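The values are calculated or read from the model by the stated rules, or taken from the named source; none is laboratory data. Quick caveat, the model's predicted, so the values are computed rather than measured. Positions of Cβ are generated from backbone atoms using ideal geometry, with glycine treated the same way; all protein chains shown enter the neighbour counts.
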Amino acid sequence: MKGQTTTYGIEPRGEYVFGVVEEGAMRSRRGRERRLVEAGQLVAWDPSAPHSGAAVDGRAWFSRLMVIEVGNLLDLAADSDRDPLVEVEFPQPVLSEPKLAGEFRRLQAALERPTTRLEREERLAEWLAAMVELGGARPSKVDQTPRDERALRRAMDYLGDHSNRNVGLDELAAAAGIGKFRLVRLFRDRTGLPPHSLQLAHRIRTARRLLEAGRSIAEVAAATGFADQSHLHRHFQRSLGLTPGQYQRRILNTGRGRPVG
């Protein structure tokens with residue numbers, strides 16, 4: 001959610017509320033706690049108590065919010081290698097964390113625009129993992145094992161074999177045989193990239209071959225798993241510096257099937 005308001009009140013029922021105040025300020029209330037939340041600050045409300053907010057001097061504030069409807073935040077990070085899950089609380093719900101606030105904005109943008117299921121779920125999992133670490137419930141470092149090496153290879157092969165499918169993070173983690181938070185971190189640590197970037201690279205490579213074969217852009221978008229032509233256009237141009245149409249025209253003008261550059 002995003003928008004402008006002057007007041008709100010939440011009686012949580014197993015819900016976590018995260019958000020960033022973008023413009024203006026608000027006064028929050030949770031039990032006896034009173035806080036001033038200013039522009040740029042991040043809020044992380046756990047289900048431990050009702051909370052509410054009101055405008056400062058009657059002036060509306062603009063914020064971005066995300067509600068996670070789950071009794072236990074770590075359910076989203078279920079990992080068979082870990083101890084039984086514990087409830088995550090945020091005793092300091094108002095945070096001055098510019099990096100996490102920026103990542104929250106990027107997460108919300110990714111959830112709004114046409115993109116892959118894997119990218120949405122991966123961004124959400126990574127951001128929630130960072131918030132859970134902030135709450136002190138998980139260690140920040142992954143100690144890699146031979147099993148992790150095998151799991152990472154299985155995940156990479158799975159993405160290569162199913163690049164045209166809308167693979168989700170749960171599905172990918174199941175194919176790898178490890179928890180999804182751990183899988184995303186392994187990708188970051190070993191390749192420097194998130195899983196969806198590898199998926200995208202496979203799709204762009206396949207799209208190039210189909211364009212070189214003279215297939216229409218609409219056919220290529222559908223065959224490679226992109227949401228639509230504009231989705232293909234955006235990522236293709238970002239990757240190669242050419243639109244799909246420009247790439248295809250150059251290929252066909254210089255000899256069918258001969259790659260350019």
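Annotations
- Scoring residue 187 on the criteria (1) under 15 Å from residue 115 (Cβ atoms); (2) part of a helix (DSSP H, G or I); (3) aromatic (Phe, Trp, Tyr) leaves a single failure, condition (1).
- Cβ-Cβ under 7 Å pairs, at least 6 apart or on other chains, the range 145-173 side outside any loop (DSSP other than H, G, I, E, B), far side surrounded by 13 or more Cβ atoms within 10 Å (Cβ to Cβ) and of a type in the set (Ser, Thr, Tyr): 172/158
- When residues in the range 157-172 are screened for being surrounded by fewer than 19 Cβ atoms within 10 Å (Cβ to Cβ) and within 22 Å of residue 232 (Cα to Cα), 7 of them pass.
- Test: residue in the range 74-95 that is assigned by TED's automatic domain parsing to the domain that holds residue 44, assigned to a loop (DSSP other than H, G, I, E, B), within 30 Å of residue 233 (Cβ to Cβ) and modelled with pLDDT under 85: no
- The lone exception for residue 143 - which of (1) at pLDDT 80 or above; (2) surrounded by fewer than 18 Cβ atoms within 10 Å (Cβ to Cβ) it fails: (1)
- Restricted to the range 200-261, the set of helices (runs of 4 or more DSSP H) holding at least 1 residues that are at pLDDT below 90 and more than 21 Å from residue 158 (Cα to Cα) comprises 229-240, 244-253.
- Yes/no for residue 53 being at pLDDT 90 or above, part of a helix (DSSP H, G or I) and either farther than 27 Å from residue 176 by Cα or in contact with a Cys (Cβ under 7 Å, 6 or more places away or on another chain) (or both): no
- Residues in the range 15-45 that are within 25 Å of residue 112 (Cβ to Cβ) and not in a strand (DSSP E or B): 24, 39, 40, 41.
- Boolean, residue 65 is part of a strand (DSSP E or B), assigned by TED's automatic domain parsing to the domain that holds residue 101 and either touching a helix residue (DSSP H, G or I) at 6+ places or on another chain (Cβ under 8 Å) or touching a residue at least 60 places away in the same chain (Cβ under 8 Å) (or both): yes
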